[in-house]
Amino acid sequence: MSETTTTTHRKAHAIVFPYPYQGHITPTINLAAKLASNGFTVTYVQLEFIGAGGAAALGIRCATISDGFPLEFDRDANLTEYWESMILDFPARVDELVGRIKKSDESATGFFLVADSLYTWTADIATKHNLVNVSLWTAPALVFSIGYHLDLLKQNGHFPFEGSSDDLHINYIPGVESITRKDLMSQIQKPHAIPILIKIMEMSFEQVKKADFILCNTVQELESHCLSSLDRRQPTYAVGPINFFAKTASLLPTTDCSVWLESKPPASVLYISFGSIFEFNKQEITEIAHALVSTGVDFLWVLKTEKKESNLAGVFPDGFLDRGLVVPWCDQRAVLSSPAVGGFLTHCGWNSTVESMWNGVPMLCYPFCVDQPTNRKLVVEDWRVGIDLCDGEQVITREEVSRKIDGLMKGNTCVELRQEVKKVSHTVRNALERDGSSQINFDRFLHDLKGRLKKME
């Protein structure tokens, strides 16, 4: 365990714990920086195998904590073992570190915990150490509300699902008009596939229900009904998109990728990325690759092929790279801000979804797991800024992919999508302006937080 500190005087102190996945880390570190800029001392705590990363450059205190496993341990391949330990053993390490942080800053006017909502120990730690408890939800409010009301699914016989059809309409969750089984999170649809995910959800939401405040990485105007319902239960503030708290321009570094994009006409390029959790599937890549050739659309594809080159034999058809570029990594925010990008084939991770809407790029949706099916529902059905890659079963064919790419990038569907995503982009960007809903909500949260801290002195 290591810590770096700076001198502070008579400030309230935030202890911030991100969840150890990039989709959670990015908004959490942005929130930590925002709190520091508003006069709080901030200690940003990251797991040792990840490291504090860019937090140290933000002028905030940084601490690392062990998860109890060697750095080289494969946490994804041993998911159940890892998270069982995180549930049973990790809270004791958090307890010890929080105690040390409090002792290191005796001049603080008060302490508050900002921890990801998926942690299973937050309320217990906050109570023991007399911390104001702030729960940070890094996904949309719809996903939060479903997890929050899992008990209602159980009471209505819809969890676990035993033989229920995918088109079953669930219309009893407060703040949620109606949702079908196929639009629920994957761990609810198939709880026996990875049981630890349901265990985490059930335990973490029991903790969330004891939080003093809930911060949600969404925009009030996009999920107003759901947010209002949640706020009636606990103080809930839509303050997103948190990733854009620091509204600096996304500048694409001078690389082959940036030079290639600059050579393309406006809105002509399909950007393809399935995020860090995408499991390499030769058949899926083959079908998408053949579809790209048949459509003749320019494309930029982020495809992590390291250690898998031998598996790519026969995947790419002749002429595949005549119109496209395949890279192992890129700055996604910068790519999506490029005028050349006209569409995004995405897994519908929440960060990717928000970044696409921010930049006014319509989406072709191919969700895999966890919250992605629910995010897809918002993108396609509620906000109408994307279309589905697959109709019906999640088995793709090159013919269907070709048809959907054409719909996204050409013709009447393309025009309608771009009109709608332009409106949503305006809403999302305005939310972070001085008089925007997210900024107003954040200011209200700070006011309420300071009041709560004062009562606890």
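The values are calculated or read from the model by the stated rules, or taken from the named source; none is laboratory data. From a predicted model like this one, the values you see are computed outputs, not experimental measurements. Ligands, DNA and RNA are excluded from the accessible area calculation, which covers all protein heavy atoms including side chains. Shrake-Rupley method; radii C 1.70, N 1.55, O 1.52, S 1.80 Å.
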Taking only the Cα positions of the range 41-183, the convex hull volume per residue in Å³ is 164 Å³
At 1.4 Å probe size, with the rest of the protein present, what percent of the exposed accessible area of the chain is carbon and sulfur atoms? 51 percent
Any idea what angle helix 411-431 forms with the longest principal axis of the chain, computed on alpha-carbon atoms, 0 to 90 degrees, nearest 10? 20 degrees
If you line up the long axis of helix 398-409 against the longest principal axis of the chain, both from Cα atoms, how many degrees apart are they, to the nearest 10? 70 degrees
For the chain, give me the percentage of DSSP beta bridges that are antiparallel, rounded to the nearest 5 percent. 10 percent
The long-range amide H neighbours of G386, using H built 1.01 Å from N in the peptide plane and a cut-off of under 5 Å, are M363
Largest first and rounded to whole Å, the semi-axes √(5λ) derived from the alpha carbon gyration tensor of the chain read 37, 25, 23
Prolate/oblate/rounded label for the range 119-244 (Cα gyration tensor, a/c 1.5): oblate
Mind listing the phi-derived Karplus ³J(HN,Hα) values for the range 173-181, rounded to whole Hz, using 6.51, -1.76 and 1.60 with θ = phi - 60°, and x for any glycine or proline? 7, x, x, 10, 4, 6, 8, 9, 4
When ligands, DNA and RNA are left out and all protein chains stay put, how many square angstrom of accessible area per residue does the chain have with a 1.4 Å probe? 43 Å²
The chain: angle of helix 22-37 to the longest principal axis, Cα-based, in degrees nearest 10: 50 degrees
